[in-house]
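Each reported figure results from applying straightforward, stated rules to the coordinates on display, with no laboratory input. Note that this is a predicted model, so its numbers are computed, not measured. Heads up, the Cβs are rebuilt from the backbone with ideal geometry, glycines too, and the neighbour counts pull from every protein chain shown.
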């Protein structure tokens, strides 16, 4: 039983489109992961600097073009919450990366199977 050429071509185009989209999204997600890793490193460095300061030290945070006084405890709390949120984002990006990678590999396998069965 053979699949008609038109249906075969349409199926092949759909699978190729899915593979292409997955590949594009993989690149985007990988770039987002690199950016989040950089952001995470900056948070770690900032946290280590703030933790090493005495509690009596005045800490100022940049807000636009000015600096605003913030108690060290508030800064530590904000950094901790940002770190936790960033970790959640990283977990979600890793899941998305795995899904897209699987989708891309499955599309590639589908194309190969389609070409093998259509050529035979």
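Given the C-alpha centroids of region 12-44 and region 45-120, what is the distance between them in whole angstrom?
13 Å
How large is the helix-only mean residue ellipticity at 222 nm for the chain, computed as the sum of -39500 (n - 2.57) over DSSP H runs with n ≥ 4, divided by its residue count, in deg cm²/dmol to the nearest 500?
Computed ellipticity for the chain at 222 nm equals -30000 deg cm²/dmol.
Stick to Cα atoms and the Kirkwood definition of Rh, then tell me Rg/Rh for the chain.
Using only Cα positions, Rg/Rh for the chain is 1.34.
Using Cα pairs under 8 angstrom and six or more residues apart, how large is the relative contact order of the chain, in percent?
Over the chain, the number comes to 45 percent.
With a 10 Å cut-off between alpha carbons and a GNM built on the chain, which of 63, 51, 34 moves the most?
Its mean-square fluctuation being the largest, the pick is 63.
Based only on other Cβ atoms within 10 Å, what is the fewest-to-most ordering of 29, 68?
Sorted ascending by nearby Cβ count, the order is 68, 29.
From the square roots a ≥ b ≥ c of the eigenvalues of the alpha-carbon gyration tensor of region 57-107, which class results: rounded (a/c under 1.5), prolate (a/b over b/c), or oblate?
prolate
If you consider only alpha-carbon coordinates, what radius of gyration and Dmax does region 1-63 have, in Å?
Rg and Dmax of region 1-63, Cα atoms, are 25.3, 81 Å.
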